[in-house]
Amino acid sequence: MRILSRQGAARSAEPIFRICRALGAVFFALLLGLALPAQAVPRWHGIQGEGPGYLRDFDHRIGRREPTESQRQAAAALGATVSWSRFGTPQSVLNRQGYLSGPASGTPEQIARAFLKAHSALTGVSAAGVDAMETLRISPLHESPDYARMLRGAAVSTTDVPHVVLLRQRFDGVPASGPDGLVTVGIARDGRVAYLGSTLSPDSQLSGSAVLAASQALLRAADDAQMNLGSLELIASPRDDYDTFASSALDD
């Protein structure tokens with residue numbers, strides 16, 4: 001039989017008391033954390049949306065326009081699989097069994113514009129609207145050796161390659177903003193159209209009028225996103241198609 005003295009009993013119970021004190025301290029800290037107001041998470045954009053408190057792009061537009069019956073009929077006549085955008089225009093168009101058109105001659109841009117004009121019933125954009133589009137990029141799809149040569153600035157062995165043409169809508173001479181108003185046309189070597197993707201709008205005219213200056217609009221948008229830009233000062237911009245402002249509340 002083992003007999004413990006009072007001192008031994010106290011020593012053997014000491015680890016238990018330590019554990020209880022530790023648990024009590026953790027519990028108290030949790031209660032204190034619940035009682036204290038939470039600190040605001042700093043908001044900065046980071047890179048590719050990786051910063052803390054990152055806010056996604058905010059689109060205040062509401063409503064949706066469904067494609068018309070004539071547009072759906074045009075899609076069926078083309079034999080294409082079409083997904084529609086919120087604007088009632090084709091977001092993607094492809095023929096899973098082949099191409100969207102036959103062979104054609106001309107430059108990739110000419111072929112892309114001719115296809116859009118020929119299928120205005122599908123896109124909802126008139127021939128005049130296609131003519132008003134600006135060309136953003138014409139990308140040749142070189143195979144690996146020629147692609148490496150192109151990156152080095154060297155001559156490629158052939159220009160007979162597929163191309164991707166990127167066009168942007170203009171409304172009364174004003175280019176569409178952000179990701180909207182764009183159309184991408186994929187063209188094979190022989191001029192056949194393989195794919196069309198877009199964020200087109202069927203409307204070609206601007207409505208309403210500007211009621212806010214650029215700086216006011218920027219401050220309103222920042223306020224809606226709970227961002228403090230302080231005061232804004234218009235500064236010189238490397239391009240003439242947008243304004244650049246310096247903020248008194250931001251370092252970068």
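Structure notes:
- Cβ-Cβ distances below 7 Å connect the following pairs, each with a first residue in the stretch 108-125 that is of a type in the set (Gly, Ala, Ser), a second residue that is assigned to a helix (DSSP H, G or I) and buried (at least 16 other Cβ atoms within 10 Å of the Cβ), and a separation of six or more residues or different chains: ALA121/GLN71; ALA121/ALA74; GLY124/GLN71.
- Within the stretch 150-162, residues that are without any contact (Cβ under 8 Å) to a residue 12 or more places away in the chain have Cβ atoms under 8 Å from residues that are hydrophobic (A, V, I, L, M, F, W, C) and part of a loop (DSSP other than H, G, I, E, B) in these pairs: MET150/VAL156, counting only partners at least 6 apart in sequence or on another chain.
- Check on PHE115, part of a loop (DSSP other than H, G, I, E, B), under 26 Å from the mean Cα position of the chain (by Cα) and surrounded by 14 or more Cβ atoms within 10 Å (Cβ to Cβ): no
- For the stretch 227-240, a residue qualifies if it is surrounded by fewer than 11 Cβ atoms within 10 Å (Cβ to Cβ) and at pLDDT 80 or above, and the qualifying residues are ILE235, ALA236.
- Looking at ARG189, ARG137, just one residue is among the charged types (D, E, K, R), in contact (Cβ under 8 Å) with a residue 12 or more places away in the chain and assigned to a strand (DSSP E or B), and that residue is ARG137.
- Residue that is farthest from ARG96 (Cα to Cα) [pool: residues in the stretch 69-84 that are touching a Pro at 6+ places or on another chain (Cβ under 9 Å) and surrounded by 12 or more Cβ atoms within 10 Å (Cβ to Cβ)]: GLN71
- Boolean, LEU167 is hydrophobic (A, V, I, L, M, F, W, C), assigned to a strand (DSSP E or B) and surrounded by 14 or more Cβ atoms within 10 Å (Cβ to Cβ): yes
- Unmet criterion (only one of (1) among the hydrophobic types (A, V, I, L, M, F, W, C); (2) exposed (fewer than 12 other Cβ atoms within 10 Å of the Cβ); (3) over 30 Å from ALA246 (Cβ atoms)) for LEU212: (3)
- Residue match in the stretch 110-130 (condition: among the small types (Gly, Ala, Ser), at pLDDT below 90 and over 13 Å from VAL193 (Cβ atoms)): no
- Listed conditions (1) touching a residue at least 12 places away in the same chain (Cβ under 8 Å); (2) within 21 Å of the chain's Cα centre (by Cα) are all met by SER177, apart from (1).
The values are calculated or read from the model by the stated rules, or taken from the named source; none is laboratory data. The structure presented is a predicted model; accordingly, all values stated were derived computationally and were not measured. Every residue, glycine among them, receives a Cβ derived from its backbone with ideal geometry; neighbour counts consider all protein chains shown.
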